[in-house]
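Enquirer: I have a structure I would like to understand better, so I am pasting it below and will then ask my questions one at a time.
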Amino acid sequence: MTSLDRRSLILRSAAVAAWALAAERTAHAAGPKLAETDPNAIALGYREDTTKVDSKKFAKHQPSQNCANCQLFQGTPKDELGGCPLFAGKQVAAIGWCSAWNKKAG
């Protein structure tokens, strides 16, 4: 194998790896919407609409708290859905809420 062939192989391998990484990130970012019946959602008291949170069960919940203003929300303020590291591969509603809510800095 000549050095040119090795160089081509290395460059092609790097290109394929970069493509695979980009495809994985895109798929992760655009995952399915999290269902309230998901076991992790149930464990964290997730609701798709913050106004429907049980205030007796979650006494610290405030109506102004939602996923869009949570530190963990990976979308932009204009997004209806966004990623959350607590629910890997799934998207949460921007107007949703869970007991892990943490005020976004800033």
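All of the numbers you see were taken from the coordinates with simple rules; none came from a lab. All of these numbers come straight from a predicted model, not from anything done at the bench. Positions of Cβ are generated from backbone atoms using ideal geometry, with glycine treated the same way; all protein chains shown enter the neighbour counts.
Enquirer: Mind giving me the FRET efficiency for Ala35 and Thr76? R0 is 30 Å, r the Cβ-Cβ distance, nearest 0.05 is fine.
Expert: Details: r = 23 Å, r/R0 = 0.76.
For R0 = 30 Å, the calculated efficiency reads 0.85.
Enquirer: Using θ = phi - 60° and the Karplus curve 6.51 cos²θ - 1.76 cosθ + 1.60, what whole-Hz ³J(HN,Hα) does each residue of region 90-100 get, with Gly and Pro shown as x?
Expert: After applying 6.51 cos²θ - 1.76 cosθ + 1.60, I find 10, 10, 9, 6, 4, 8, x, 7, 9, 5, 8 Hz.
Enquirer: Separate question: Where does region 49-106 land on Rg/Rh, using Cα atoms and the Kirkwood Rh?
Expert: On the way: Rg = 10.8 Å, Rh = 11.4 Å.
When Rh is taken as the Kirkwood radius, the ratio is 0.95.
Enquirer: Between Asn69 and Ile95, what length in nm is gained on full extension when 0.36 nm per residue of separation is reduced by their alpha carbon distance? Please list the in-between numbers first.
Expert: Working: separation 26, 0.36 × 26 = 9.36 nm, distance 0.90 nm.
Once the chain is fully extended between Asn69 and Ile95, it gains 8.5 nm.
Enquirer: Going by amide H atoms built from the backbone, whose H comes under 5 Å of the H on Leu72, apart from near neighbours?
Expert: So Leu72 has HN proximity to Asn102.
Enquirer: For region 51-64, what does the Karplus curve 6.51 cos²θ - 1.76 cosθ + 1.60, with θ = phi - 60°, yield as ³J(HN,Hα) per residue in whole Hz, taken in order and with x for Gly and Pro?
Expert: 6, 9, 6, 6, 5, 6, 6, 10, 4, 7, 5, 10, x, 6
Enquirer: Less than 16 Å apart at the alpha-carbon level, and either on another chain or at least 8 residues along: which lysines does that give for Lys103?
Expert: Those lysines meeting the cut-off are Lys60.
Enquirer: Check which residues have an amide H placed less than 5 Å from Gln91's amide H, if you skip close sequence neighbours.
Expert: Counting only residues 5 or more places away or on other chains, the set is Lys33, Leu34.
Enquirer: Calculate, in nm to one decimal, what Ile42 and Gln62 gain on full extension: separation in residues at 0.36 nm each, minus their alpha carbon distance. Could you put the intermediate results ahead of the total?
Expert: Working: separation 20, 0.36 × 20 = 7.20 nm, distance 1.88 nm.
Roughly 5.3 nm would be gained on extension.
Enquirer: Using each residue's phi in region 76-86, evaluate 6.51 cos²θ - 1.76 cosθ + 1.60 at θ = phi - 60° and report the 3J(HN,Hα) Karplus result to the nearest Hz, with x for Gly and Pro.
Expert: 9, x, 8, 6, 7, 10, x, x, 8, x, 6
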